[in-house]
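K.L.:
Can you keep this structure in mind? I'll have questions shortly.
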Amino acid sequence: MIEQIRQLLALQQHDIRQQELEKELARLPEELDGLRADIAELEGFLKKEIENLDEVESWKRTHEETLAEEEDRIQKRMQAIDQVQSAKEYVALQKDLDSIRKRVKDHVNEVLSLMESVEKRRAEVVVRQAEIAEFQKVLAQREELFARKMREIEAELGELNANRASLVAAIDKVWFRKYDFLAKRRFPPVAKAEHNNCLGCNMGIPPQMFNQLYDMKDMIQCPHCTRLLYIEETLG
């Protein structure tokens, strides 16, 4: 019986390692997916920033075109003043000029403000592009690293799968069926008992049952979690 427990523990260590590798194999692509999602989010921000930049540049061009038109009107009004024939006409042209000059001043201020906004937004776009480039660089490095790691894991899993059959063959069929049944419900299925406690579920076990573990004449299961029990002293 003691030898059967030793064989089951060897199988259990094998299965624990296999589960660890399978979890790692599943985790690696998820980590890359998270990084790709971060890049996609940054690219979404960049797209909006570029759209905003294009919109501000469009407003700036509109104001510049309007400013040019207003300045052209000023030139025409100045030429018209030189040809006025009456004081009334002169006063009317001057009022019109004052109004145009005010609009010109407003457009100049708006253009200057938009120029400042354009430069700021261009700088933000450059920063965002650099940020994305850095994330893409990290992603490429991680992809290469994870591809190598996944090949290593798959190779070790292949070895574990090949070795498991020999481990199972060394175990009594009744003991293995019990192990396999429990493993599908609560893993790991074999637990150490210590100080009248099952370390699998951390529940107390009857003293009489605990004492039976020293002889190990039969299969003993925790009355709470049904795991197969052993004590270190018996294996030693």
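None of the figures in this text is laboratory data; all of them are computed from the coordinates on show. Remember, predicted model here, so these are calculated numbers, not experimental data. Heads up, the Cβs are rebuilt from the backbone with ideal geometry, glycines too, and the neighbour counts pull from every protein chain shown.
K.L.:
Using 0.36 nm times the number of residues separating V127 and A140, minus their current alpha carbon distance, what extension gain do you get? Walk me through the intermediate numbers first.
P.N.:
Values: separation 13, 0.36 × 13 = 4.68 nm, distance 2.00 nm.
Extending this stretch completely gives an extra 2.7 nm.
K.L.:
Once label points are set 7 Å from the Cα along Cα→Cβ at both K105 and D38, what is their separation, rounded to one decimal in nm?
P.N.:
With each label point 7 Å from Cα toward Cβ, the separation is 5.2 nm.
K.L.:
How much length is gained on full extension from F45 to H14, taking 0.36 nm per residue of separation minus their Cα-Cα distance? Show your work: numbers first, answer last.
P.N.:
Values: separation 31, 0.36 × 31 = 11.16 nm, distance 4.72 nm.
Full extension from F45 to H14 adds 6.4 nm.
K.L.:
Residues with amide H under 5 Å of N197's amide H, sequence separation 5 or more or different chain, H placed in the peptide plane at 1.01 Å from N; which?
P.N.:
Correct list: I205.
K.L.:
Per-residue ellipticity at 222 nm for the chain, helices alone: DSSP H runs ≥ 4 residues times -39500 (n - 2.57), over residue total, nearest 500 deg cm²/dmol?
P.N.:
After summing the helix terms and dividing by residue count, I get -29000 deg cm²/dmol.
K.L.:
Obtain the nm distance between the two label points defined at R185 and A165 by a simple spin-label model: each point lies 7 Å from its Cα along the Cα-to-C-beta direction.
P.N.:
Taking the simple label geometry, R185 and A165 are separated by 3.0 nm.
K.L.:
Continuing with the same structure: In debye, nearest 20, what is the charge dipole magnitude of region 47-149 about its Cα centre with +1 on Lys and Arg Cβ and -1 on Asp and Glu Cβ, if you could check? Mind showing how you got there, number by number?
P.N.:
On the way: 21 positive and 24 negative charges, 62 e Å.
Dipole size: approximately 300 debye.
K.L.:
Can you give me the distance in nm between label points at D54 and T66, each placed 7 Å from the Cα along the Cα-to-Cβ direction?
P.N.:
According to this spin-label approximation, the distance is 2.2 nm.
K.L.:
Still on this structure: Whole-Hz ³J(HN,Hα) for each residue in region 29-42, computed from phi via Karplus 6.51 cos²θ - 1.76 cosθ + 1.60 with θ = phi - 60°, x for glycine and proline: what do you get?
P.N.:
Karplus-based 3J(HN,Hα) across region 29-42 equals x, 5, 5, 5, 4, x, 5, 5, 5, 4, 5, 4, 5, 5 Hz.
K.L.:
Counting every Cα pair in the chain, what percent are over 21 Å apart? Provide the component values of the computation, followed by the final result.
P.N.:
Numbers: 20700 of 27730 pairs.
Above the 21 Å cut-off, the chain has 75 percent of its Cα pairs.
K.L.:
With viscosity set to 1.306 mPa s at 10 °C, what whole-number translational diffusion coefficient in µm²/s follows for region 176-235 from Stokes-Einstein and a Kirkwood radius over Cα pairs?
P.N.:
Numbers: Rh = 11.4 Å.
The calculation lands on 140 µm²/s.
K.L.:
Residue separation times 0.36 nm, minus the C-alpha to C-alpha distance between E24 and M203: what's the value? Working shown, then result.
P.N.:
Working: separation 179, 0.36 × 179 = 64.44 nm, distance 3.08 nm.
Between E24 and M203, full extension yields an extra 61.4 nm.
K.L.:
Can you tell which of K60, K76, K137 shows the greatest fluctuation in a Gaussian network model of the chain with Cα springs below 10 Å?
P.N.:
Comparing K60, K76, K137 in the GNM, the peak value goes to K76.
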